[in-house]
1. Could you tell me, in Å, what Rg and Dmax come out for the Cα atoms of segment 58-97?
2. By how many nm would the segment from residue 119 to residue 54 grow when fully extended, if each residue of separation counts as 0.36 nm and the alpha-carbon distance is taken off?
3. Assuming R0 = 25 Å, can you tell me the calculated FRET efficiency for the pair residue 92 and residue 20, based on Cβ-Cβ distance, to the nearest 0.05?
4. So for segment 39-82, averaging the separation of alpha carbon pairs under 8 Å that are six or more residues apart and normalising by length, what relative contact order in percent results?
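Bear in mind that the values in this text are calculations on the coordinates, not laboratory data. Just so it is clear, the structure is predicted and the values come from calculations on it, not from any experiment. Positions of Cβ are generated from backbone atoms using ideal geometry, with glycine treated the same way; all protein chains shown enter the neighbour counts.
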């Protein structure tokens, strides 16, 4: 469990917005070095250098990192971005910045859509439980 109280869905939406607005390409932040996915965006708990550094284990993104890779120095680099097992780390070793950004953008869109579906399904399930608990039985819907 992380100490990060942010909402994962909102964090991922903000990351997608940052990426699509060129946040990794148009920044004065450490202009002398490459910009690192997740680490150099407001998504990172340690984005603000004036704040006390926090361990990655506190980050909301940790729930997306496979358990066996959570002890890595920078675990967010090991979030699976595709069914082929591509990660930010694998793109750093074998891909281009453009390929990395395209893969992360696609992963963000897919993950956001999945989380939004799960949220709606969870609300529907809670609503059914509340109705049943209150003595209301939802009418069955039949299609003709």
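1. In order Rg, Dmax, the Cα atoms of segment 58-97 give 10.1, 29 Å.
2. On the way: separation 65, 0.36 × 65 = 23.40 nm, distance 2.88 nm.
Going from the current span to full extension adds 20.5 nm.
3. Details: r = 21 Å, r/R0 = 0.83.
FRET efficiency, residue 92 to residue 20: 0.75.
4. Numbers: 33 pairs, mean separation 11.1, N = 44.
It comes to 25 percent, rounded to a whole number.
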